[in-house]
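The values are calculated or read from the model by the stated rules, or taken from the named source; none is laboratory data. These figures come from a predicted structure and were not determined experimentally. We place every Cβ from the backbone using ideal geometry, glycine too, and count neighbours over all the protein chains shown. All accessible areas refer to the heavy atoms of the entire protein, side chains included, with ligands and DNA or RNA removed. Shrake-Rupley method; radii C 1.70, N 1.55, O 1.52, S 1.80 Å.
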Amino acid sequence: AGSAQAAVPPGFYGVSPQTHLGTTDLDRMGRGKVGTLRFEMAWGLIDPSSAAGDYNWAATDALVADAARNGIELLPFVYSTPEWVAADLDRHKCTGNECYPVAPRSRAALRAWQAFLADAVSRYGPNGEFWALNPQLPEDPITVWQIWNEQNSPSFYKPKPKPKAYAKLLDASGRGINSVDRGAEIILGGMFGTPLGGRKPGISAWRFLEGLYDVKGAKQDFDGVAPHPYAAKLKKVKAQVNLLRAEMRKGGDRNAELWMTELGWGSGGPKNPLNR
């Protein structure tokens, strides 16, 4: 609603799509005054081999250009590990997109991740190569980066979620991003409230955040916490956010921002508590 949008900054409301977007979609979003677009920056697809300079930025370039033309801010979540990192450097038994949820863990793998992030910022960040190559576009550099996605869930973080392992990923992320843009903001990957319905090896978002704060120095590696508080009723959404905020206070992180990077209900389809 227009009155609601007037009360918050232009980028407050956004879209986190589940399908490919084309120019027509971005144009429609621009007319609808969508403030922010969250999208996956897929390392596994952009950097398919260990060869230097073989990045495939084409799909991301198109999205960034369409967003800039429509005045839409971008929030990339950087996710998915290429096979040459997961299988070759980390010796995980996987091929192709099976490797995508396998988070980098060895020194060599984390160095590769760090280098990719630095190159991504060099392309799309302030004074980035993309903007120099496209002077006809309004320059709107990416300045906020979200690290991974639902790292508290074994569906998205393999071999299994561990706050200490994710803290190492965060540290490498900060080194890579800040080596190019010291003013960039780093946001935790969005966390689903109770992966696997609360069963192990899933870790609830608030327990995962508690474990992350227990890792020495981890608090300095991020500027915001991102809930994915899916629930059938609004009061349960609020309860999840409050649990995360409580952990932020306990961790002495009162000033960190909250980014609600996924939230939604369905209006149809198979019977589900989230269809309202």
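Here are the numbers for this structure:
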quantity: The stretch 1-79: trypsin sites (Lys or Arg not before Pro) in DSSP coil with no more than 13 other Cβ atoms inside 10 Å; calculated: 33
quantity: Candidate lysines - alpha carbon under 28 Å from residue 168, same-chain residues fewer than 8 apart omitted; calculated: 93, 158, 160, 200, 216, 219, 250
quantity: Per residue accessible area in Å² of the stretch 33-106, where ligands, DNA and RNA are left out and the probe is 1.4 Å; calculated: 43 Å²
quantity: Carbon/sulfur fraction of accessible area - the stretch 41-196, other protein chains in place, 1.4 Å, %; calculated: 50 percent
quantity: Kirkwood-Stokes translational diffusion coefficient of the chain, alpha-carbon pairs, 4 °C, 1.567 mPa s, µm²/s; calculated: 67 µm²/s
quantity: Backbone HN-Hα couplings from phi across the stretch 246-252 [Karplus 6.51/-1.76/1.60, Hz, Gly and Pro as x]; calculated: 4, 5, 5, 5, 4, x, x
quantity: Semi-axis lengths, Å, the stretch 192-242, gyration tensor of Cα atoms, sqrt of 5 times eigenvalues; calculated: 22, 14, 7
quantity: Accessible area in square angstrom per residue, the stretch 113-210, 1.4 angstrom probe; calculated: 42 Å²
quantity: 95, 194, ranked by accessible area, largest first (probe 1.4 Å); calculated: 95, 194
quantity: For the stretch 1-139, radius of gyration divided by Kirkwood radius, i.e. Rg to Rh on alpha-carbons; calculated: 1.03
quantity: R0 of 30 Å, Cβ-Cβ distance residue 160-residue 246: FRET efficiency to nearest 0.05; calculated: 0.75
quantity: Rounded percent of accessible protein surface that carbon and sulfur make up, the stretch 202-276, 1.4 Å probe; calculated: 52 percent
quantity: Cα→Cβ-extended label distance, 7 Å offset, between residue 127 and residue 56, nm; calculated: 3.2 nm
quantity: Computed over the stretch 113-156, Kirkwood Rh from alpha-carbon pairs, angstrom; calculated: 12.0 Å
quantity: Candidate aspartates and glutamates for bridging to residue 235, where Cα separation is under 20 Å - those fewer than 8 sequence places away on the same chain excluded; calculated: 247, 262
